[in-house]
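Participant: One structure is given below, represented as structure tokens, and several questions about it will come after.
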Amino acid sequence: MDVLDLIDAVQSVADGVLFGATYALLGIGFTLVFGVMHKINLSYAAASIGAAYASLLIVAGIKAPAILVFLASAAAGGVIGGLVYLVGFKFIPLANPLATLMSTVGLLLLIDEIIVHTTAGVPLNYPALFSDVIVSAGPFNLRGDLMFVFALSCACMVVLLLLLYRTRLGLATRAVSQQPTASQLCGISITRVNVVTFVITGVVGGIAGAMTGAAIGMLSPLLSLPLTVKGLIVTVIGGLGSIPGAIIAGLVVGGLENAFQFFRGVSERDLYIMLLLFAFLIFRPGGMFAMPVGRD
Amino acid sequence: MDFYLGLMQIIGVHTLLGLSAYCVLLTGQVSLAQAGFFAIGAYVAGMLTVLAQWPLVPALGASAVVAGVMACAVGFPALRVKGLMLVVATIAFGEAVRLFFFNFTYQVQAGNLKLGPHGAEGFRQIRYFPEHGWTTLDVMLFIWAVVALVMAGVWWLDRSRAGAVLRAVGEDELAAQSAGINITAVKVSAMTIGGVIAGIGGGIFAHYTTHIEHLQFGVVLATFAIAYPILGGLSNVFGTLLAVVFVQGFLIEGLRFMGDWRNLLFGGLIVLAMNVRPRGLLDAGAVLALKRLIVPRKDGNGA
Amino acid sequence: MATVLDLQGLTKHFGGVRAVDGIDLAVARGEIVGLIGPNGSGKSTIVNLICGLLPPTAGRVVFNGADISRLPPHARVTLGIARTFQNIRLFGQLTVWQNLWVAQNSGEQRNQNFLRRWFGGSNGAWEEINRTLEFFDLAHKRDELAANLAFGEQRRLEFARALAAKPVLLLLDEPAAGMNAEEVDQLDSRIRKLRQDGITVVLIEHHVELVMSVADRVAVLNFGQKIAEGTPAFVQADPAVREAYLGSAAVA
């Protein structure tokens, strides 16, 4: 392999890492809900794409600048997140994890179908920022739109971490994730924390959906299942319940995905991602940053 | 008439899929790998009858064995993965199997036709049934004979000590270990049994549908597999059958009345069902109530 | 007298916490040994170490002369060790009868014909279960789901399930918790009946009267270490024990 190939490979990986920021956001959403409620919300990626679609609806009326569309997606994500909690989690007794799993599957199917119905299954164009900007760094070309995606995603992560670690709300959320019963005895409303968790992860998801659309250039209902699988893989590799883990795993998976594609082609790419997951499950089942396990 | 026979065929095969998930779910393992074993069974059986001219039943037997061995191999690492992580691991396994078949080509020249699996295009011309003069009715009866056999087997398992042990492991692994149950053996066995049943189902599926391809065996089929026992209730095999009838009947018959909206309503219906009856349609309480209706109380004093 | 259970330097650390710190304890066949100590002294951890749910950080668990420290829990049950749980861990969705049925895992029961044991219908197992149910006054609740039993019945079922594997050594983890005086009396006589049947018992308890009444020997733990051992009367008078329970002011 000569120097040009090497440069291409690194370029590919770099692009992948930038795109991986969206995987990181999805991973954060999955992992946060798991950390607080000990349940997996399988409809999360679909809801994120749904939020991006919803933001397009808002654009349809007015010729809005891209940044407004992204914000609309975040807002829509928050609303959808709250609805998902209400319909898929609130009324199902905690002792029935299978029932909540199934209800999130139902929501996944429902959201997918709503998207297909309202768009007749046709992929829609999604706005991007800086798509005509290319930044040259030596032999490498960094796409402006990807860099924006990366930057906005990182900003979102920073805000989320600030929220979790510097606010009372974040403190309450972390308390509930560690000891729900004791938290209640301290006066924390579990329902409120759960709703807020879902709304916040919904906002994160809305941004993830928007950024995915911006990076690819369009939205399609076919995105939800692969994104669900990728998001879950990122969550597990990063360690269920760990936000730093999800972030790092997202970037790693994004980069590796492109590397696999570069060396082995598109059709085998996903197979290697699976193998990566299996390797982790065999050698490090807790993921990169496993949640500490109690004595019981 | 053919339409209803076709519907019965689908219900039969999906019941096998559901039963395969049922056995694994009893031990508390939420496995989205059943579609993967189903796919393996489909391709193995198809290749044996088409490429190696095997008769159907031995081919199904072989697909059961291969799928079972794969399931056993999956069962061991699955032990290391707790709870909801197993969901992700099994999704990934199922996807890996699907991707394998997406890339898998093995063709044999037969006259002026090329037969065998052909990557993304799938495996066409699995024409065992037409070539041997089976009518749609014959196929349906065969499928239901197999389903009845498997259901009887699982029912018997459920009533035996093995069934109680499976459920004990599903309830509380720590207590089960402390009571002397070898949870490793139990969980791997359950996974293997599930794999065998899924393999048989897949093998039959390949033959009545005559054309299989990777897209049919994705995450959606895997979620259907566990949806049946969860929606139907885990206390009873008949719950799974009921759920299959309901779901497939709704999805296919519903096309008439609701057109394209049936998929929309399907998702919504699942959400509603889980909110209203989290333990499933035929949970322990429902079974008890049904028993009381059917079997008169032996003691004369009533309650 | 044969030594059934021998804990040699048994140690368990959880990170920085020394839950069990170098415990030596020998239990002879047919003895009833009480294990008492304030909360957090390591009693339940010792039980988990003996039955294999936790691996020791150091030290050995020797059962009937064989080092079982590396054996998985279910293998120890086959050898003859059984336990109850402090917070009852019944199989709630199984019936009373099924709870006992799945626990028949003694060496002798394991050696039965495979098909008969796992898939068979009526066999010797049924008589054993019925007898156990009678002994614990649960026969009338045979087909009731364990989750639907009253608390006292659940405690008895927990006890019964431990006996279903025909153990040689029985570890009872606070069996008297939440019992009234009459129930404690019944528990007392059931434990004595166990000794008559040749079962060795290690009893972890807070209920001082029960331990003093039924135990041959008592070992007292505090902060993971054994601070006293002897007959109930001896231990009751020991100043170190008093200090552990009541504080140093009480001893002065």
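The values are calculated or read from the model by the stated rules, or taken from the named source; none is laboratory data. Since the structure is predicted, the reported quantities are computational estimates derived from the model, not experimental observations. So basically every Cβ, Gly included, is an ideal-geometry build from the backbone, and we count neighbours across all protein chains shown.
Participant: Find all pairs meeting these conditions: Cβ atoms under 6 angstrom apart; at least six residues apart or on different chains; first residue within the range A:208-222 and touching a residue at least 60 places away in the same chain (Cβ under 8 Å); second residue crowded, with 23+ Cβ neighbours inside 10 Å and in a strand (DSSP E or B).
Facilitator: A:213/A:219
Participant: Related question: In the list A:32, A:56, which residue meets the criterion of being closer than 30 Å to residue B:231 by Cα and in a helix (DSSP H, G or I)?
Facilitator: Going through A:32, A:56 in turn, the sole match is A:32.
Participant: For the range C:89-112, does any single residue satisfy the condition of being free of Cβ contacts under 8 Å to residues at least 60 places away in the same chain, among the charged types (D, E, K, R) and outside the structural domain of residue C:23 (by TED's automatic domain parsing)?
Facilitator: yes
Participant: Would you check if there is a residue in the range C:216-226 being among the hydrophobic types (A, V, I, L, M, F, W, C), surrounded by fewer than 21 Cβ atoms within 10 Å (Cβ to Cβ) and under 17 Å from the mean Cα position of the chain (by Cα)?
Facilitator: no
Participant: Here is a list of conditions, (1) at the interface with another protein chain (Cβ under 8 Å from one of its Cβ atoms); (2) part of a loop (DSSP other than H, G, I, E, B); (3) under 16 Å from the mean Cα position of the chain (by Cα), and residue C:91 meets all of them except one; can you say which number that is?
Facilitator: Answer for residue C:91: the failing condition is (3).
Participant: If I ask for residues that are of a type in the set (Ser, Thr, Tyr), over 22 Å from residue A:213 (Cβ atoms) and in contact with a helix residue (DSSP H, G or I) (Cβ under 9 Å, 6 or more places away or on another chain), which ones from the range A:129-166 would you list?
Facilitator: A:165
Participant: Follow-up. Scanning the range A:249-272 for residues that are surrounded by fewer than 22 Cβ atoms within 10 Å (Cβ to Cβ), facing chain B (nearest Cβ under 10 Å) and not small (Gly, Ala, Ser), which turns out nearest to residue B:120 (Cα to Cα)?
Facilitator: Filtering first and then ranking leaves A:268.
Participant: A follow-up question, please. All but one of (1) under 16 Å from the mean Cα position of the chain (by Cα); (2) more than 12 Å from every other protein chain (Cβ to nearest Cβ) hold for residue B:48; which doesn't?
Facilitator: (1)
Participant: Restricting to the range B:217-228, what's the tally of residues that are more than 9 Å from chain A (Cβ to nearest Cβ) and either free of Cβ contacts under 8 Å to residues at least 24 places away in the same chain or crowded, with 24+ Cβ neighbours inside 10 Å (or both)?
Facilitator: Counting residues in the range B:217-228 that are more than 9 Å from chain A (Cβ to nearest Cβ) and either free of Cβ contacts under 8 Å to residues at least 24 places away in the same chain or crowded, with 24+ Cβ neighbours inside 10 Å (or both) gives 4.
Participant: With the checklist (1) of a type outside the set (Ser, Thr, Tyr); (2) out of contact with any Phe, Trp or Tyr (no Cβ under 9 Å at 6 or more places or on another chain); (3) within 14 Å of chain A (Cβ to nearest Cβ); (4) not in a loop (DSSP other than H, G, I, E, B) in hand, flag the one item residue B:114 doesn't pass.
Facilitator: (3)
Participant: While we're looking at this one, here's another question. Tell me, yes or no, whether the range A:84-102 has at least one residue that is within 16 Å of the chain's Cα centre (by Cα) and crowded, with 18+ Cβ neighbours inside 10 Å.
Facilitator: Checked against the condition, which is being within 16 Å of the chain's Cα centre (by Cα) and crowded, with 18+ Cβ neighbours inside 10 Å, the range A:84-102 yields at least one hit.
Results for (1) free of Cβ contacts under 8 Å to residues at least 40 places away in the same chain; (2) closer than 23 Å to residue A:210 by Cα, shown as yes or no for each residue.
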{"site": "A:10", "(1), (2)": "no, no"}
{"site": "A:43", "(1), (2)": "no, yes"}
{"site": "A:59", "(1), (2)": "no, yes"}
{"site": "A:62", "(1), (2)": "yes, yes"}
{"site": "A:93", "(1), (2)": "yes, no"}
{"site": "A:99", "(1), (2)": "yes, no"}
{"site": "A:103", "(1), (2)": "yes, no"}
